[in-house]
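Below is one structure, written out as structure tokens; the observations come after it.
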Amino acid sequence: MDVSNEKREKFVTKLRQEDYENKELLIKVQQVIKESGNSKEYISKIIKKLNKEQILELRKLYEKDIERLNTKINYDKRKMMSLKSEW
Amino acid sequence: MKKENLENEQMKRKELKSNIIKELSELYYKKNKKEREADKIERDLDKIASKMIESVEEFGDGKQIAHEILECGKDRQYGAIISLLGNKEKKIADTYLGSWYSGDVNEWTLDFYNAAILKLKEMLDGGIEKYREFEEDCLYGDTNKIASAFNMEEEFVNLLVKEGNKSDLNRFMRTMYISKDGEWKEKSCPKRLVSKIFDMVKDAQDKDKKIRFNRNEIMRGFTAIYKCEDLTDKEKEEIEDLYIKAYLDDQIDDTFSKLIIFNVADKLETMKQYIQLYKERDFEKLNEFIEEKTLPEYERKACKLYDQFIEKLQKEDDLTPEKIMAIKENLKITEDLYISYCEETNKSSCLFEFRNAITGLRDFIELDNNEFEKYIEIANNNSRKEAELKLNDATKKGIGNIQITDGDNEYIDRIKERKDDIIGAVGKNNDSLYLKGGKINGKRELGDVKAIVPYYIVGKNGNYICIEEMEMSEEQVKDFNQVEMPDVKEHTYRYRRVDGYYSSTVSDFQINGETYHIKNDDWTNDGTYTVLWKGQDSNYPEEAMGITSSYSEWARCQRGVNNEYVIKLIAQNPRRFAKLIEENQGTQDSCGCFSLSHLESIFKYIAKMPTEEQLEKEEAVEKIAKLANEKERLEDKEVKTEELLKQFEILEKQKGKRVGE
């Protein structure tokens, strides 16, 4: 998703607290954070709009993604090792 | 008889002139230290008097000149005379003026003023022909202005009526003025009225009666009658006749014009009664009469103002004491509306205070103030509710989430003296919430902190805003300071000091993922204090901080604190405290180990830091940024790993084919 700075700002202002219960929107938030270059300033603007539970949900989502990626990478590595060992 | 009067008059004038010359001669000598001949002084006088008479017409108001010369101090007297002279005449006049401090200015001014009057009287002695010549020579023909500047309107009018005609008087009654466009314009009196005045003055002369005459005042009266909508044309005519007669006979004053403009009932009858009362010169009775006649109008105004006020209060959604005052201020023009409270009877009433436009006296009208009181109560209750909400909000947030923005070292406006147990306020307004307490007691414990909220109310005693304060209840104080205390374990720590090894009982606890250690009785030069550090045991003493309950400068007077209260403080402010310890690391006291702080000061310091909630969010930003970066890194790694795996699989396939071949 190619989001300009202006669009990102508009996105933040439109955020409503109840929207964060919607997982799809949390994913969109992750994408927008990535587009901003993971900027702390931008993340801070988003965090200001959230309460404790919602910040926790976002963290959990990141942690799950990291776990999933680590699992995938490890799986691919093991597969490569097994192919290597057969040669 | 008349001839005798004339001769007497001539003698008086001669005497006056002679006195003037004598005085000026003395003034001249005082200033110049030499004599000046009488005939030369007379010539000087004539030049100056002529110039003064000539210049008067250029000014806006003849009476203003008379006022400055006859009723003002030295500066304005001098200024008035000089403003009527040309350069040549100024030089001459100044030769007669010595020191200001000797009172010469007053003498000097009156000499020239009286000389001008004598000159005008001489002109009038020449009869109507001489007068008409004089009028012809005037710049604008505004002889009335000249007459009023020298308080001679009666003399001029008497001549015009005795020897002149109604046309002469008509010209005398007009005035010239400068309009907004900067042009000279003429304002005249209706011929019908001039005719009436002429006849009445003639009548007075025939009866050998003195008249009083002031053109401006007379015209004010006529204008007031003309503009009066309550009178019919016939009634206006009747009042005009009564007015002129009363004025010329000196039996009425300027209050007539004010009263006739005022909204009173039975106007014609009222004005007739007024004229009759004024004749009797019983001013107390006259004031009572005016007050009685004007009161209904003021009562009407009072009710109108009150209704306007209540209407505006009704429209306000969220009424506060400040809004009530603002609305009152905006309504007030010349009248005042306020509540007066009687301590003895415990009764309040709404008073409308006003100044009577005619008598100039202040008076009160009492109104039924139930509506006003109702709104005051609403506003005060709203203010109290707002204060309650602030306290409830603070209680809910807890001590760790209140940030002091206005320190205790500043005088807080609403509290007139500096109080030692005020920690600070949240904001600089008079109604900002502030914190009190947190003091060390005899048991070396830190007392509870409570929040106090000042709020505005409209006071009983009039229309002022007062400030009252609402404190947290005992229950709220308990909740505000409440915190979940961690489990505390103990262990014995053996450590090395410069003078050998020691063992101490150390308490350990965990708060927000940090491990803390606290011990008592660290000593310095006979004093002891409490020590706190986090992390490993071996972080003591380099990364520790000392806590004392003593304000003394001397090391031997130091005493520690009750550990439980330090643990409670950390539990109330975990992130703030962690930040404080970080800031303290590496700082040392004079004994060279670690910094020493008073427990109260520690609390005041951390109360000014960002709140726990804000620090928590800052932590969250750091964490999420870290996670986001980690995720991005792994996504790149995943792509690369997948690429590599594909390569491996391709190689595997190729290998498989060769084998098959």
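The values are calculated or read from the model by the stated rules, or taken from the named source; none is laboratory data. Worth saying up front: this structure is predicted, and the values here are computed from it rather than measured. In this analysis, Cβ positions are derived from the backbone assuming ideal geometry, glycine residues included, and neighbour counts consider all displayed protein chains.
For B:ARG174, are the conditions met, namely being within 48 Å of the chain's Cα centre (by Cα) and at negative phi?
yes
For B:PHE603, are the conditions met, namely being within 30 Å of A:ASN74 (Cα to Cα), in contact with a helix residue (DSSP H, G or I) (Cβ under 9 Å, 6 or more places away or on another chain) and of a type in the set (Phe, Trp, Tyr)?
Answer is no for this residue.
Touching a Cys at 6+ places or on another chain (Cβ under 6 Å) and either in a loop (DSSP other than H, G, I, E, B) or under 17 Å from B:LYS236 (Cβ atoms) (or both), is that true of B:ILE275?
no
Return the only residue of A:GLU41, A:GLU6, A:GLU18 being modelled with pLDDT of 75 or more, away from every other protein chain (no Cβ under 14 Å) and more than 15 Å from the chain's Cα centre (by Cα).
A:GLU6
Only one of B:ASP266, B:ASP241, B:ASP249 is under 43 Å from the mean Cα position of the chain (by Cα) and of a type in the set (D, E, K, R); which?
Sole residue among the options that is under 43 Å from the mean Cα position of the chain (by Cα) and of a type in the set (D, E, K, R): B:ASP266.
Being more than 19 Å from B:ALA357 (Cβ to Cβ) and surrounded by 15 or more Cβ atoms within 10 Å (Cβ to Cβ) is the requirement here; does B:ASP249 meet it?
yes
Working only within region B:24-41, note down all residues that are assigned to a helix (DSSP H, G or I) and either more than 53 Å from the chain's Cα centre (by Cα) or surrounded by fewer than 18 Cβ atoms within 10 Å (Cβ to Cβ) (or both).
Selection gives B:SER25, B:GLU26, B:TYR29, B:LYS30, B:LYS31, B:ASN32, B:ALA38, B:ASP39, B:LYS40, B:ILE41.
For region B:605-627, indicate whether the set of residues that are surrounded by fewer than 21 Cβ atoms within 10 Å (Cβ to Cβ), away from chain A (no Cβ under 14 Å) and more than 52 Å from the chain's Cα centre (by Cα) is non-empty.
No: region B:605-627 contains no residue that is surrounded by fewer than 21 Cβ atoms within 10 Å (Cβ to Cβ), away from chain A (no Cβ under 14 Å) and more than 52 Å from the chain's Cα centre (by Cα).
Could you tell me which residue of region B:429-473 is nearest to B:GLY398 (Cα to Cα), considering only residues that are touching a Lys or Arg at 6+ places or on another chain (Cβ under 9 Å) and among the β-branched types (Val, Ile, Thr)?
If we take residues in region B:429-473 being touching a Lys or Arg at 6+ places or on another chain (Cβ under 9 Å) and among the β-branched types (Val, Ile, Thr), then B:VAL449 is nearest to B:GLY398 (Cα to Cα).
For region B:423-472, list the strands (runs of 3 or more DSSP E) that sit wholly inside it and hold at least 2 residues that are among the charged types (D, E, K, R); which are they?
B:465-471
Has region B:190-211 got at least one residue that is under 19 Å from B:LYS258 (Cβ atoms) and either touching a residue at least 60 places away in the same chain (Cβ under 8 Å) or of a type outside the set (Ser, Thr, Tyr) (or both)?
Within region B:190-211 (the criterion being under 19 Å from B:LYS258 (Cβ atoms) and either touching a residue at least 60 places away in the same chain (Cβ under 8 Å) or of a type outside the set (Ser, Thr, Tyr) (or both)), the answer is no, since none of the residues qualifies.
Quick one: would you say B:SER507 is of a type in the set (S, T, N, Q) and crowded, with 17+ Cβ neighbours inside 10 Å?
Here the answer is yes, as B:SER507 does meet what is asked.
Run down B:ASN525, B:ASN562 and say which single residue is loosely packed, with under 14 Cβ neighbours inside 10 Å, in contact (Cβ under 8 Å) with a residue 60 or more places away in the chain and either touching a strand residue (DSSP E or B) at 6+ places or on another chain (Cβ under 9 Å) or among the polar types (S, T, N, Q) (or both).
Testing whether each residue is loosely packed, with under 14 Cβ neighbours inside 10 Å, in contact (Cβ under 8 Å) with a residue 60 or more places away in the chain and either touching a strand residue (DSSP E or B) at 6+ places or on another chain (Cβ under 9 Å) or among the polar types (S, T, N, Q) (or both) leaves just B:ASN525.
Kindly evaluate B:GLU57 against the criterion of being at pLDDT below 90, in contact with a strand residue (DSSP E or B) (Cβ under 9 Å, 6 or more places away or on another chain) and charged (D, E, K, R).
Yes; evaluated as a whole, the condition is true for this residue.
If we scan region B:581-596, do we find a residue that is in contact (Cβ under 8 Å) with a residue 40 or more places away in the chain, more than 10 Å from chain A (Cβ to nearest Cβ), in contact with a helix residue (DSSP H, G or I) (Cβ under 7 Å, 6 or more places away or on another chain) and within 22 Å of B:PHE509 (Cα to Cα)?
yes
Does B:THR320 satisfy the criteria of being more than 17 Å from B:ASP266 (Cα to Cα) and surrounded by 15 or more Cβ atoms within 10 Å (Cβ to Cβ)?
The answer is yes for B:THR320.
Restricted to region B:426-461, and to residues that are under 29 Å from B:ASN382 (Cβ atoms) and of a type in the set (D, E, K, R), which residue is surrounded by the most Cβ atoms within 10 Å (Cβ to Cβ)?
Top of the filtered list is B:LYS450.
Rundown of residues vs (1) outside any helix (DSSP H, G or I); (2) at the interface with chain B (Cβ under 7 Å from one of its Cβ atoms); (3) surrounded by 14 or more Cβ atoms within 10 Å (Cβ to Cβ), yes/no style:
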{"site": "A:LYS45", "(1), (2), (3)": "no, no, yes"}
{"site": "A:LEU50", "(1), (2), (3)": "yes, no, yes"}
{"site": "A:GLU53", "(1), (2), (3)": "no, no, no"}
{"site": "A:LYS60", "(1), (2), (3)": "no, no, no"}
{"site": "A:LYS64", "(1), (2), (3)": "no, no, no"}
{"site": "A:ASN70", "(1), (2), (3)": "no, yes, yes"}
{"site": "A:TYR75", "(1), (2), (3)": "no, no, no"}
{"site": "A:MET81", "(1), (2), (3)": "no, no, no"}
{"site": "A:SER85", "(1), (2), (3)": "no, no, no"}
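Listed residues B:GLU490, B:GLU468; which is under 29 Å from B:ASN381 (Cβ atoms) and either among the polar types (S, T, N, Q) or touching a residue at least 12 places away in the same chain (Cβ under 8 Å) (or both)?
B:GLU468
Each row is one residue, and each column tells you yes or no for (1) surrounded by fewer than 17 Cβ atoms within 10 Å (Cβ to Cβ); (2) part of a loop (DSSP other than H, G, I, E, B); (3) modelled with pLDDT of 90 or more.
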{"residue": "B:VAL194", "(1), (2), (3)": "no, no, yes"}
{"residue": "B:ASP199", "(1), (2), (3)": "yes, no, yes"}
{"residue": "B:GLN205", "(1), (2), (3)": "yes, no, yes"}
{"residue": "B:ALA224", "(1), (2), (3)": "no, no, no"}
{"residue": "B:GLU229", "(1), (2), (3)": "yes, yes, no"}
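Counting only residues that are surrounded by fewer than 17 Cβ atoms within 10 Å (Cβ to Cβ) and within 24 Å of B:GLY447 (Cα to Cα), how many does region B:462-481 have?
Of the residues in that region, 7 qualify.
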